[in-house]
Amino acid sequence: MSTTLVKPAEVERKWYLLDAAGKSLGHVAAEAAVLLRGKQKVDYTPNVDCGDFVVVINCDQAVLTGKKAEQKFHITHSKYIGGLKKVQYGKLMAEHSDLAMTYAVKGMIPSNTIGAKALTRLHCYQGAEHAHAAQKPEKIEF
């Protein structure tokens with residue numbers, strides 16, 4: 001038996017559509033992270049960026065389970081004194097649910113060049129309309 005190692009020029013990328021309506025934010029983000037890395041493919045190679053494009057729609061209808069809306073915060077710091085900013089996830093989901101989905105997926109992919117390149121293939125939208133109908137994304141049911 002021989003192991004197939006994919007070269008970057010041999011990678012075939014597909015488009016996938018995930019609908020987050022009524023589903024948990026983390027569940028949708030985990031599925032998107034797997035598709036972005038390409039881990040569902042038979043010829044997955046860890047050191048090659050072999051992931052696909054992912055379009056997530058209806059991010060504003062994603063659900064936060066438990067008390068995450070009140071107790072969870074998105075924290076950023078500007079690296080200056082007093083530069084700490086905290087945003088409650090309930091407020092973040094109400095105003096910028098596409099950013100909340102992006103932050104969730106970003107936490108599930110590796111923090112290296114392959115992960116940064118994979119994150120550029122993620123497209124999140126608050127509503128049901130998206131700008132990628134020409135690519136004919138395949139809808140994933142999970």
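The values are calculated or read from the model by the stated rules, or taken from the named source; none is laboratory data. What you see is a predicted model, and the numbers here were worked out from it, not measured in a lab. Please note: Cβ atoms are built from the backbone with ideal geometry, for glycine as well, and neighbour counts cover all protein chains shown. Just so you know, the surface numbers come from the protein's heavy atoms only, side chains and all, with ligands and any DNA or RNA stripped out. Shrake-Rupley method; radii C 1.70, N 1.55, O 1.52, S 1.80 Å.
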When Lys39 is run through (1) free of Cβ contacts under 8 Å to residues at least 24 places away in the same chain; (2) more than 27 Å from Leu99 (Cα to Cα), the failure sits at (2)
Counted residues in the stretch 24-40 being open to solvent by 10 Å² or more (accessible area, probe 1.4 Å) and among the β-branched types (Val, Ile, Thr) come to 1
In the set Met108, Met101, Met93, the lone residue that is under 17 Å from Tyr16 (Cβ atoms) and either of a type in the set (Lys, Arg) or outside any loop (DSSP other than H, G, I, E, B) (or both) is Met101
For the stretch 2-23, check the following and say yes or no: at least one residue is under 25 Å from Lys117 (Cα atoms), of a type in the set (Phe, Trp, Tyr) and in contact with a strand residue (DSSP E or B) (Cβ under 8 Å, 6 or more places away or on another chain).
yes
Out of the stretch 103-120, which residues are open to solvent by 70 Å² or more (accessible area, probe 1.4 Å), touching a residue at least 60 places away in the same chain (Cβ under 8 Å) and farther than 26 Å from Gln71 by Cα?
Lys117
Select, from Ala69, Ala100, the only residue that is in contact (Cβ under 8 Å) with a residue 24 or more places away in the chain, hydrophobic (A, V, I, L, M, F, W, C), touching a Phe, Trp or Tyr at 6+ places or on another chain (Cβ under 8 Å) and surrounded by fewer than 21 Cβ atoms within 10 Å (Cβ to Cβ).
Ala69
In this structure, is Ser78 free of Cβ contacts under 8 Å to residues at least 60 places away in the same chain and under 13 Å from Ala20 (Cβ atoms)?
no
Where in the stretch 2-87 are the strands (runs of 3 or more DSSP E), entirely inside, with at least 3 residues that are hydrophobic (A, V, I, L, M, F, W, C)?
15-19, 53-57
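The rows are residues; the columns are (1) polar (S, T, N, Q); (2) surrounded by fewer than 19 Cβ atoms within 10 Å (Cβ to Cβ); (3) without any contact (Cβ under 8 Å) to a residue 60 or more places away in the chain.
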site: Tyr44; (1), (2), (3): no, yes, yes
site: Asp49; (1), (2), (3): no, no, no
site: Val55; (1), (2), (3): no, no, no
site: Gly127; (1), (2), (3): no, yes, no
site: Gln135; (1), (2), (3): yes, yes, no
